[in-house]
Amino acid sequence: MANGVTIKPNLFLRLLEESEGVRVLRTFSGAWRGIFKTLAASYSVVLIYSVVTNHWTSSALRGLFIMFITCMIFMRYPANRKSPLHRPSAVDFVLILLSIVVFGNFVMDYEQMALRAGDATARDVIFGVIAIVLVLESCRRAMSVILPGLALMLLLYAYFGPYLPGELFGHQGFTASVIVADVYASMNGIFGFVAYVFISFVMLFIIMGSIFERFGAGTFFIELPIALMSRYTGGPGKAEVMASGLFGMISGSATANVVATGTFTIPLMKKAGYRAPVAGGIEAASSTGGMFMPPVMGAGAFLMAEMLHIQYAEVAKIALVPALLYFFAVFAMVHVEALRTGVGTVPPEERMDVWAVFKGGWYYMAPFVVLFYMLFSSGSSISLAAFYAILVFLAIVAVKFFAKRQFKQFFITLFDALADGGDKSLIVGSTAGPVGIIVGIALLSGVAFKFAAMVLAYTFGYQWAALLLVMFATFVLGMGITVTADYLILALLAVPAMGEMGIPLLAAHFAVFWFSQSSNVTPPVCMAAFAASAIAEAHPYSTGFQAMRFSSYLYIMPFMFVYTPILMPNGFNADVLYCWLILFISVIPFAAGAMGYFCGHLNVVQRTVMIVSACLFIFPSGIADIVGGVLFLIIAIPQYLKWRTAGREQKALHRTSA
């Protein structure tokens with residue numbers, strides 16, 4: 001562990017659950033601990049098995065997935081603070097039994113339900129009502145009441161449509177049996193494409209990340225950047241940016257990234273001279289970038305590929321440069337902040353040897369080579385690529401364990417990793433049912449199309465106005481639901497309107513996806529910043545505003561997706577290459593303006609000129625680039641000359657005194 005810094009597992013869970021909106025988490029011991037871990041590990045094995053076989057139909061897999069998730073949630077998360085915290089309650093047993101019966105019925109009887117589509121039986125309606133209650137209650141326990149509340153509002157909207165005023169909100173209405181049949185007795189609602197994407201892609205990567213972490217890959221990807229950056233100015237902060245990028249390759253959660261990397265890097269940053277809120281802000285900003293870093297990128301990216309009907313490999317390929325651009329922006333701001341506040345390097349005696357760290361964990365890179373090769377060269381599916389990456393990784397670590405005759409330890413660690421993967425999937429998995437209900441009802445009632453018309457009406461067809469509206473909507477929704485649900489709801493409601501304005505659908509989806517991540521770092525509800533503040537021992541909102549400051553480049557990047565060819569809409573060409581170079585250059589004046597420093601402190605006017613210069617660079621126009629460059633040089637040259645003069649005078653003074 002870096003500098004001997006460790007984090008207790010109970011603290012890890014507490015920070016993670018508090019930051020993700022979880023109120024209480026059961027801590028099992030004895031037999032209950034074994035039962036839950038066995039159930040969670042079995043769930044992981046079933047998902048992995050489903051990738052390499054065609055043993056189950058799609059409907060069976062979706063039913064089993066929802067059944068596993070709800071049963072584990074009712075075991076893991078108590079109903080309220082009065083519920084027992086070391087075992088499930090009697091109510092939980094009833095809910096678990098109902099989950100097995102209701103979702104088991106879907107698995108066994110789906111073909112018959114599909115044949116009588118639109119003519120639901122009394123059993124279908126009764127089981128459907130129970131299923132709705134179960135998925136909403138499980139989501140409430142694992143997250144909060146917000147997302148289940150939205151789903152319930154949509155259900156009521158579908159029923160009371162004839163009684164609502166105006167053409168915008170009113171509709172013909174649907175009977176309870178039609179609504180329940182669409183939500184439960186079909187693959188449009190609870191078991192819709194959201195559940196499919198989670199099963200096929202998202203959960204497998206969560207399990208993969210858990211396996212990598214349990215066998216030490218996470219520590220390697222944190223220690224290597226620390227060893228590389230410790231000799232440079234502001235080294236711990238720069239190491240954090242690199243560590244979050246690497247860790248983001250195996251983690252689809254910004255908060256998990258904060259807890260895993262921040263445990264090591266935040267104490268180092270504070271020791272080097274960064275103030276506690278600044279250290280936490282850097283951590284939150286860079287960990288949010290982990291959500292953009294291929295190959296995982298969070299659940300939203302898999303949903304995006306499904307909605308756009310393109311290969312996930314294409315999404316990952318297109319997202320790589322924007323992700324690197326964002327990390328470069330955070331890295332540059334960390335460097336400028338270090339210069340501004342006088343943060344130095346890590347003392348030589350406390351630095352880790354780069355070669356020793358690399359030699360001790362280089363093999364952790366092998367599964368990523370396999371993953372990227374299968375995605376981009378062989379054309380394999382993302383799930384099969386992840387499976388082979390897991391297989392290669394386990395083969396490598398098995399050789400390591402078996403060479404030391406640690407046979408038992410290998411299988412214990414593997415079992416724990418599979419159980420961790422099942423446990424970590426609960427928060428994301430809990431959203432599948434409610435979001436599926438929202439998507440299903442939005443399509444059934446036509447509200448998705450009405451919302452698109454409303455967006456067009458209120459933005460007057462201006463693309464920039466639509467982007468601002470989406471930014472505000474994702475911010476508001478992000479206060480109460482996960483970033484994945486935030487993205488999916490706006491992708492369903494706003495993207496069609498953006499497409500009608502002439503915005504390419506790929507750019508519209510990317511814009512919504514990136515805006516949705518801003519809730520991790522934007523007060524008042526900034527999940528990643530809250531987790532970082534707990535580790536940094538800083539005020540949550542002070543940390544949140546610092547996180548917003550260091551991630552500020554995030555807020556302008558969606559405009560790049562629409563107004564520049566950064567996403568390669570016509571493939572890679574000279575225009576795309578020029579765009580990439582200019583956008584990376586734009587980071588320099590932006591970082592100087594945001595931090596208020598460039599070879600010296602900048603006043604308000606100078607900072608404004610720097611920001612304007614950076615913004616001009618994002619427009620695909622030679623004239624705008626020239627004007628932006630001139631504005632930058634007007635501020636940069638005098639600052640640089642002043643800095644050189646001051647340096648010469650200081651050296652002369654030092655020689656005189658010597």
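The values are calculated or read from the model by the stated rules, or taken from the named source; none is laboratory data. None of these values were measured; they are calculated from a predicted model. Ideal geometry is used to build each Cβ from the backbone, glycine not excepted, and the neighbour counts take in all protein chains shown. The protein model used for the area step is the full one, side chains on, heavy atoms only, and it has no ligands, DNA or RNA in it. Shrake-Rupley method; radii C 1.70, N 1.55, O 1.52, S 1.80 Å.
Summary table below
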item	result
Unmet criterion (only one of (1) outside any helix (DSSP H, G or I); (2) under 30 Å from L426 (Cβ atoms); (3) modelled with pLDDT of 80 or more) for S380	(3)
The lone exception for V145 - which of (1) modelled with pLDDT of 90 or more; (2) closer than 30 Å to R33 by Cα it fails	(1)
Residue match in the stretch 611-626 (condition: open to solvent by 50 Å² or more (accessible area, probe 1.4 Å) and in contact with a Cys (Cβ under 9 Å, 6 or more places away or on another chain))	yes
Number of positions in the stretch 583-610 that are of a type in the set (V, I, T), open to solvent by 50 Å² or more (accessible area, probe 1.4 Å) and over 27 Å from the mean Cα position of the chain (by Cα)	3
Residue match in the stretch 168-180 (condition: open to solvent by less than 30 Å² (accessible area, probe 1.4 Å), out of contact with any Ser or Thr (no Cβ under 7 Å at 6 or more places or on another chain), more than 14 Å from A442 (Cβ to Cβ) and in contact (Cβ under 8 Å) with a residue 60 or more places away in the chain)	yes
Residue tally, condition part of a helix (DSSP H, G or I) and of a type in the set (S, T, Y), over the stretch 560-600	3
Selection from the stretch 200-223 of residues that are at pLDDT below 85, buried (at least 23 other Cβ atoms within 10 Å of the Cβ) and β-branched (V, I, T)	V202, I206, I222
Scope the stretch 224-254; condition of a type in the set (A, V, I, L, M) and either open to solvent by 10 Å² or more (accessible area, probe 1.4 Å) or within 24 Å of V343 (Cα to Cα) (or both); matching residues	L224, I226, A227, L228, M229, A239, V241, M242, A243, L246, M249
Among the residues listed as F393, F411, F415, the single one being within 30 Å of I66 (Cβ to Cβ), in a helix (DSSP H, G or I) and open to solvent by less than 10 Å² (accessible area, probe 1.4 Å)	F393
Test set (1) among the hydroxyl-bearing types (S, T, Y); (2) surrounded by fewer than 24 Cβ atoms within 10 Å (Cβ to Cβ); (3) at pLDDT 85 or above - S287 fails condition number	(2)
Residue within the stretch 104-115 that is at pLDDT below 95 and touching a Leu at 6+ places or on another chain (Cβ under 7 Å) present	yes
Matching option when the condition is charged (D, E, K, R), more than 18 Å from G436 (Cα to Cα) and touching a Leu at 6+ places or on another chain (Cβ under 8 Å), among R76, R87	R76
The stretch 84-103, residues that are open to solvent by 20 Å² or more (accessible area, probe 1.4 Å) and either assigned to a helix (DSSP H, G or I) or at pLDDT 95 or above (or both)	A90, V91, F93, V94, L95, I96, L97, L98, I100, V101
Residue match in the stretch 255-273 (condition: outside any helix (DSSP H, G or I), surrounded by 24 or more Cβ atoms within 10 Å (Cβ to Cβ) and among the polar types (S, T, N, Q))	no
Unmet requirement for A195, which otherwise passes all of (1) open to solvent by 10 Å² or more (accessible area, probe 1.4 Å); (2) in contact (Cβ under 8 Å) with a residue 60 or more places away in the chain	(1)
Given (1) under 34 Å from the mean Cα position of the chain (by Cα); (2) surrounded by 12 or more Cβ atoms within 10 Å (Cβ to Cβ), index of the condition R81 fails	(2)
V296 at pLDDT 85 or above and either of a type in the set (A, V, I, L, M) or under 29 Å from W580 (Cβ atoms) (or both)	no
Filter result for the condition that a residue is under 22 Å from Y312 (Cα atoms) and within 18 Å of the chain's Cα centre (by Cα), over A507, A547, A485, A531	A485
Failed condition for L325, given (1) open to solvent by less than 10 Å² (accessible area, probe 1.4 Å); (2) within 16 Å of the chain's Cα centre (by Cα); (3) more than 25 Å from S533 (Cα to Cα); (4) at pLDDT 85 or above	(2)
Flag if V370 is part of a helix (DSSP H, G or I) and at pLDDT 90 or above	no
Residue selected from the stretch 306-317 under the condition open to solvent by 20 Å² or more (accessible area, probe 1.4 Å) and in a helix (DSSP H, G or I), by the criterion modelled with the lowest pLDDT	E306
Which listed residue is free of Cβ contacts under 8 Å to residues at least 60 places away in the same chain, under 27 Å from A485 (Cα atoms) and in contact with a Ser or Thr (Cβ under 7 Å, 6 or more places away or on another chain), from V125, V135	V125
Condition met for M610 (within 30 Å of T482 (Cα to Cα) and either touching a Pro at 6+ places or on another chain (Cβ under 6 Å) or not hydroxyl-bearing (S, T, Y) (or both))	no
Count of the stretch 256-266 residues which are closer than 14 Å to S230 by Cα and either hydrophobic (A, V, I, L, M, F, W, C) or modelled with pLDDT of 85 or more (or both)	2
Subset tally (residues that are assigned to a helix (DSSP H, G or I), polar (S, T, N, Q) and farther than 19 Å from A511 by Cα) for the stretch 429-467	1
Qualifying positions in the stretch 548-572 - touching a residue at least 12 places away in the same chain (Cβ under 8 Å) and farther than 20 Å from L324 by Cβ	M548, R549
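To keep it simple, each residue is scored yes or no on (1) touching a residue at least 12 places away in the same chain (Cβ under 8 Å); (2) farther than 23 Å from P565 by Cβ; (3) open to solvent by 10 Å² or more (accessible area, probe 1.4 Å); (4) charged (D, E, K, R).
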| site | (1), (2), (3), (4) |
| --- | --- |
| F292 | yes, no, no, no |
| F302 | yes, yes, no, no |
| H335 | yes, yes, yes, no |
| R340 | yes, yes, yes, yes |
| E349 | no, yes, yes, yes |
| V357 | yes, yes, yes, no |
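To keep it simple, each residue is scored yes or no on (1) crowded, with 24+ Cβ neighbours inside 10 Å; (2) assigned to a helix (DSSP H, G or I).
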{"position": "L469", "(1), (2)": "no, yes"}
{"position": "A473", "(1), (2)": "no, yes"}
{"position": "L492", "(1), (2)": "no, yes"}
{"position": "G499", "(1), (2)": "no, yes"}
{"position": "F515", "(1), (2)": "yes, yes"}
{"position": "P524", "(1), (2)": "no, no"}
{"position": "F530", "(1), (2)": "yes, yes"}
{"position": "S533", "(1), (2)": "yes, yes"}
